[in-house]
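Contents: one structure, followed by commentary.
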């Protein structure tokens, strides 16, 4: 699954994007720093993908002084939030949960270059993510604590009943080898043994939580 680099605008495969970003950051950030005349700040380059839906991925630039709670909020806003569920990071066998205070730890206090860790949103209908610190680097100070370096393109999911692209998904039917519908095939959903009304189907979105619980975000 390809995605677009937010720095140069070029597209690369999922496996090639991390390598490209290392080079692209080195080539372009000197220019950015000079143009902005900004003081350099320590950042973490973090690669994130769905544990069971790896076609969905993000590459983020995260300030070293950002907190785990900032990263938690960012992931909820861009990929996950539906019903204010609990969430948790697991780093080096240590758990940091949204229900406690230990998400107040700063990124630089708990992560190092090459650290691999995990994240879970919702302990019922869970969405799990794998995270990896690709690189630690210095760049011009930015106002935002976290920004997107690259993101996967929207996967093309076919309707379960024809060759059109799916526009809607049923959170119940996807567990029965189907559940994806284009607007022309919504009447097929009424034929299924499903308690969810057709007008309550969820939109197909670019997120590893697509079709889960009540998620209808971006």
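So here's what we get for this one:
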{"read-out": "Selected residue (criterion: surrounded by the most Cβ atoms within 10 Å (Cβ to Cβ)) from residues of the range 164-194 that are at pLDDT 95 or above and assigned to a loop (DSSP other than H, G, I, E, B)", "value": "166"}
{"read-out": "Residues of the range 125-140 that turn out to be under 21 Å from residue 69 (Cβ atoms) and not in a strand (DSSP E or B), as a count", "value": "1"}
{"read-out": "From the options 47, 52, residue that is surrounded by fewer than 17 Cβ atoms within 10 Å (Cβ to Cβ) and modelled with pLDDT of 95 or more", "value": "52"}
{"read-out": "Residue tally, condition over 17 Å from the mean Cα position of the chain (by Cα) and more than 25 Å from residue 14 (Cα to Cα), over the range 56-82", "value": "3"}
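The values are calculated or read from the model by the stated rules, or taken from the named source; none is laboratory data. This one's a predicted model, so the numbers in the text were calculated from it and none came from an experiment. Note: ideal-geometry Cβ built from the backbone for every residue, glycine included; neighbour counts use all protein chains shown.
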